[in-house]
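Structure first, then comments.
The values are calculated or read from the model by the stated rules, or taken from the named source; none is laboratory data. What you see is a predicted model; the values in this text were computed from it and never measured. Note that we place each Cβ from the backbone using ideal geometry, even for glycine, and neighbour counts take in every protein chain shown.
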Amino acid sequence: MWRWVVVAGIAAAWLYVGGRNADLRAQARQPATLVITGGTVITMDDARRVLAPGAVAVAGTDIVGVGTPADVAARFSAAETIDATGQVVLPGLINTHTHAPMVLYRGLGNDLNLQDWLTKYIFPAEGKTVSPEFVRAGTRLAALEMILGGTTTFVDMYYFEEEVAEATREAGLRGVLGQTLIQFPVADAKTPEEGLARTRAFVARYKSDTLVTPAVAPHSTYTLSAATLQAADRLAREQHVPLLIHLEETRTEREDSLKARGLTPTAYLAKLGLLGRHLLGAHGVWLGPDDIRLVAEAHASISHNPESNMKLASGVAPVGEYVAAGVAIGLGTDGAASNNDLDMFEAMRQAAFLQKVTRGDPTTAPATLVLEMATRRGAEAIGMGDRLGQLTPGRRADVIVVDTRAPHLQPMFDPIAQLVYAAKGSDVRTTIVNGRVLMHDRVVKTLQAPAVLGDAQKMAERVRAAVR
Ligand SMILES: CSC[C@H]1O[C@@H](n2cnc3c(O)ncnc32)[C@H](O)[C@@H]1O
Ligand SMILES: [Zn+2]
């Protein structure tokens with residue numbers, strides 16, 4: 001009998017001590033608002049760690065822990081948990097060049113080169129249809145597409161950019177949003193001076209916003225005078241905001257510039273004093289070695305847009321040369337009128353394949369490099385390398401979860417190759433920006449899809465009537 005008394009005593013003491021240790025462990029655990037656990041975590045950190053399985057802990061807007069599920073469970077107590085078993089967790093994708101409202105021109109003016117597409121279809125259509133309501137409805141539609149496709153940050157250039165900003169905030173996305181400057185009269189400014197005043201007001205309004213980074217967006221060297229280009233640059237530098245510009249997109253653009261002033265568009269920007277770390281050049285297809293050197297020395301960045309470059313037959317950007325020169329190069333879709341979608345998975349796949357086939361070298365643009373362009377290199381290109389593009393503690397919690405259990409993603413030997421070469425935007429199940437779940441199980445929480453689609457449909461009717 002006494003033996004049973006002793007055993008019971010020991011058991012009670014053991015339970016008491018164990019319980020107390022568990023309590024102490026729970027007390028010691030850091031509170032997390034969200035833990036995503038059980039999936040393959042592709043960190044895109046400096047060590048390019050892939051944790052299979054892994055877990056990511058989020059507190060408020062930031063990532064606070066990354067490790068194995070057991071490690072994260074031991075260190076964090078989660079208010080909410082997302083089970084990512086059978087899925088891949090990675091940094092949200094960064095689209096470094098688009099014109100969000102142009103989704104409303106999707107499918108308009110196909111099979112044309114840039115000059116004809118712009119001057120015969122797009123500029124005239126914009127002249128008749130762009131309004132604040134158009135921009136708001138278009139951006140909502142674009143935001144819905146981007147959230148569904150795993151884009152968490154986008155760089156935009158358009159008119160009435162405050163409408164883009166409001167729709168972006170409503171959707172919960174992150175945006176680097178550039179108010180357009182162009183020399184000829186447009187819907188939101190009759191003169192470049194009016195455009196500059198509007199841009200200044202836009203920058204002032206969003207300067208302290210959490211999700212919106214305002215930017216100055218002179219269209220290109222071929223649509224602006226030297227004086228307006230320099231005024232745009234002065235404003236961007238004075239306000240410490242990005243300067244977004246189309247750069248050397250077509251052979252014609254480069255040849256016209258050489259004929260007009262004996263300088264390539266890039267050398268012209270350098271001469272005017274615009275090249276700097278605040279400048280993000282979209283496309284950068286035709287730069288030669290001297291131009292790339294200028295960009296690298298100025299610490300300016302490039303956005304590569306392979307699908308638009310293919311559709312408009314603009315050419316093939318020298319991606320390998322930019323990387324070798326140390327230029328920060330991100331990936332973009334361009335507007336949906338020249339792509340014709342905003343799917344960054346599609347952009348990754350096409351970026352890789354285009355480089356391989358034109359270089360005749362399958363080792364060019366490997367999957368890891370291309371995923372870097374869509375994440376950490378894109379973050380560097382927009383000057384946010386310290387905040388975005390990697391799953392590491394201290395960075396913002398912009399995270400996506402991709403379901404890899406679909407037939408077209410099985411079997412999975414190499415998660416990065418699978419994402420770049422086989423995944424589609426529609427495989428994204430969860431999209432998180434700044435710690436907020438914008439979409440879970442493919443249900444977008446911040447936008448009402450039927451209303452967004454209905455408003456877009458109404459706007460499309462106006463476009464149809466205007467371009468008839
Ligand atoms: C300041 S950008 C807004 C302006 O740019 C036009 N646009 C759209 N796509 C392209 C492109 O690939 N190259 C040049 N310009 C483009 C858009 O229609 C707006 O008018
Ligand atoms: Zn563009």
Can you name every residue in segment 316-335 that is away from ligand 1 (no atom under 16 Å from the Cβ) and either modelled with pLDDT under 95 or touching a strand residue (DSSP E or B) at 6+ places or on another chain (Cβ under 8 Å) (or both)?
319, 322, 323, 327, 328, 329
Every pair of residues 6+ apart whose Cβ atoms lie under 7 Å, when the first sits in segment 170-194 and is assigned by TED's automatic domain parsing to the domain that holds residue 379 while the second is of a type in the set (Phe, Trp, Tyr) and assigned to a strand (DSSP E or B)
173/154; 175/154; 180/158
Out of curiosity, is residue 313 at pLDDT 95 or above, within 16 Å of ligand 2 (Cβ to nearest atom) and closer than 21 Å to residue 121 by Cα?
yes
A careful count of residues in segment 195-230 that are surrounded by fewer than 21 Cβ atoms within 10 Å (Cβ to Cβ) and in a helix (DSSP H, G or I) gives 11
Before we move on, is residue 247 touching a helix residue (DSSP H, G or I) at 6+ places or on another chain (Cβ under 7 Å), closer than 18 Å to residue 283 by Cα and either at pLDDT 95 or above or within 16 Å of ligand 2 (Cβ to nearest atom) (or both)?
yes
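Take the residues of segment 96-117 that are closer than 26 Å to residue 345 by Cα and within 10 Å of ligand 1 (Cβ to nearest atom): which is surrounded by the most Cβ atoms within 10 Å (Cβ to Cβ)?
Of the residues in segment 96-117, the ones closer than 26 Å to residue 345 by Cα are 96-114, 117.
Filter once more, so that each one left must be within 10 Å of ligand 1 (Cβ to nearest atom): 97-99, 101-102, 105, 114, 117.
Values: 97: 29, 98: 29, 99: 27, 101: 31, 102: 27, 105: 23, 114: 21, 117: 19.
Only one residue tops the list, namely 101.
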Do we have any residue at all in segment 162-170 that's within 16 Å of ligand 2 (Cβ to nearest atom) and surrounded by 24 or more Cβ atoms within 10 Å (Cβ to Cβ)?
yes
When you check residue 257 against the structure, is it of a type in the set (Ser, Thr, Tyr), within 13 Å of ligand 1 (Cβ to nearest atom) and in the same structural domain as residue 148 (by TED's automatic domain parsing), yes or no?
no
Contact list please: Cβ distance under 7 Å, first residue in segment 439-450 and at positive phi, second residue surrounded by 13 or more Cβ atoms within 10 Å (Cβ to Cβ) and not in a helix (DSSP H, G or I), pairs at least six apart or on different chains.
441/429; 442/429
Filtering segment 288-315 down to residues that are under 19 Å from residue 378 (Cα atoms) and of a type in the set (A, V, I, L, M, F, W, C), which residue is farthest from ligand 1 (Cβ to nearest atom)?
296
